Structure formats: structure tokens, C-alpha cells
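Peer 1: Let me begin by handing over the structure; questions about it come next.
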Amino acid sequence: MYTVDDIKGDGLMYDLTKRFHKENLTVEELIEQLNKLPQQAKICICGDDCCYIHVEKDGSVVNLDTEDLEDCYEGMVTSVEDGVFIYGNRRFIPYGFFTKKENDDLKHLTRKLRTDSELGFFADSNIADRAQKHRYNYDDFYTAAGDHTFDIFKCLDNDKLYVPGAHELFEYMGGA
């Protein structure tokens with residue numbers, strides 16, 4: 001068994017004097033602890049930099065996790081209102097189609113696409129050091145969309161446009 005003196009030093013990853021433990025921690029208590037830290041401090045869950053916040057329907061319990069827990073959400077991939085659908089805890093709406101030039105010239109189209117690491121909708125994790133925040137699947141995305149044949153979708157949560165790709169949901173920079 002190690003003592004505090006045994007593990008102090010350059011190799012210590014965490015500051016033991018700032019460790020906090022409490023069973024049934026409330027949101028108020030968590031905020032109180034977090035307010036003691038620099039606002040730029042990153043939050044990791046079990047050493048993972050991907051953090052999902054899951055809230056019970058009645059607001060009584062909050063779960064911080066490294067997984068999206070899709071199986072725990074009712075209607076995760078169900079159309080809701082007026083064409084709005086939910087995929088990966090984000091609200092999308094069918095937006096539009098590619099221009100003739102975009103359809104005819106793949107090179108022209110790909111100049112308008114970019115990876116959105118902030119959204120993090122990738123088929124696999126750790127592709128080119130990108131953190132997967134949601135497990136993305138092309139067919140599942142279109143199923144969630146109600147099988148709409150649109151090329152471009154708008155995310156109502158960040159007001160950006162997206163194009164479903166084979167392995168990721170690309171941000172579309174073609175204009176609103």
C-alpha cells in the first residue's frame with residue numbers, strides 16, 4: 001500500500017488535496033466544486049475527454065458518462081414535429097438538395113464539405129485523432145430523417161448545415 005508521500009512528485013496526475021468524494025452529489029454541490037476550478041479546466045469522465053450529460057425525464061437524476069446511452073432514450077431516432085427529427089441527441093430538419101454543379105462535379109462538392117469535430121458524428125472513433133461524440137451510421141441517419149431524400153440537413157441546435165457521408169456527418173459550407 002502506498003502513502004501520499006510515496007506517490008507525490010512529478011508523475012502525479014492529480015492533486016490529491018483537491019480530490020472530492022460524496023455519495024448522492026447534488027447539482028448544487030457539483031457546481032460549488034466546479035466553481036473552485038479555472039473556467040478553462042477540461043472535464044474528463046473516467047479519463048475520457050468525451051462527456052455526455054444525461055438527465056432523467058423528471059430532472060431528478062443527472063448522469064455524466066462517456067457513452068451516448070442511446071438505448072436508454074425513448075424515441076431516439078423518431079420523427080417528432082413538422083419534419084424535425086432527432087439523431088444523436090441533436091435536432092435536424094431536411095434542408096435542401098445539391099446544385100446541379102455539386103451533383104455533376106464531386107471535386108466541386110468536396111470543397112464545400114468539412115469535418116465538424118465539435119459535432120463529432122463519426123462512424124468510428126479515433127479516426128485521424130478526432131473524438132467521436134456520437135456513433136454515426138449513414139443508413140440510421142436517413143431512417144431517423146424519415147427516409148427523406150434530401151442531400152442537406154440543418155441542425156437546429158447549432159444552426160449549421162450537414163451532409164451525410166459514408167463515415168461521418170460532414171458540415172456543408174455551401175451557404176444557407
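The values are calculated or read from the model by the stated rules, or taken from the named source; none is laboratory data. Just so we're clear, the structure is a prediction, and the values are computed from it rather than from any experiment. Cβ coordinates were reconstructed from backbone atoms using ideal geometry, including for glycine residues, and neighbour counts include every protein chain displayed. The accessibility values were calculated without ligands, DNA or RNA, using every heavy atom of the protein model including side chains. Shrake-Rupley method; radii C 1.70, N 1.55, O 1.52, S 1.80 Å.
Peer 1: How do 112-120, 16-24, 166-174 rank on mean C-beta neighbours within 10 Å, highest first? Could you put the intermediate results ahead of the total?
Peer 2: Working: 112-120: 16.4, 16-24: 7.3, 166-174: 18.4.
Answer by packing, highest mean first, reads 166-174, 112-120, 16-24.
Peer 1: Could you state how much accessible area Val61 has, in square angstrom rounded to the nearest 10, with a 1.4 Å probe and all protein chains kept in place?
Peer 2: 80
Peer 1: Hey, rough spin-label estimate for Lys101 and Thr26, points 7 angstrom out along Cα→Cβ, what's it come to in nanometres?
Peer 2: 6.0
Peer 1: Give me the number: length gained by fully extending Lys18 to Arg111, i.e. 0.36 nm times residue separation minus the C-alpha to C-alpha distance, one decimal in nm.
Peer 2: 28.7 nm
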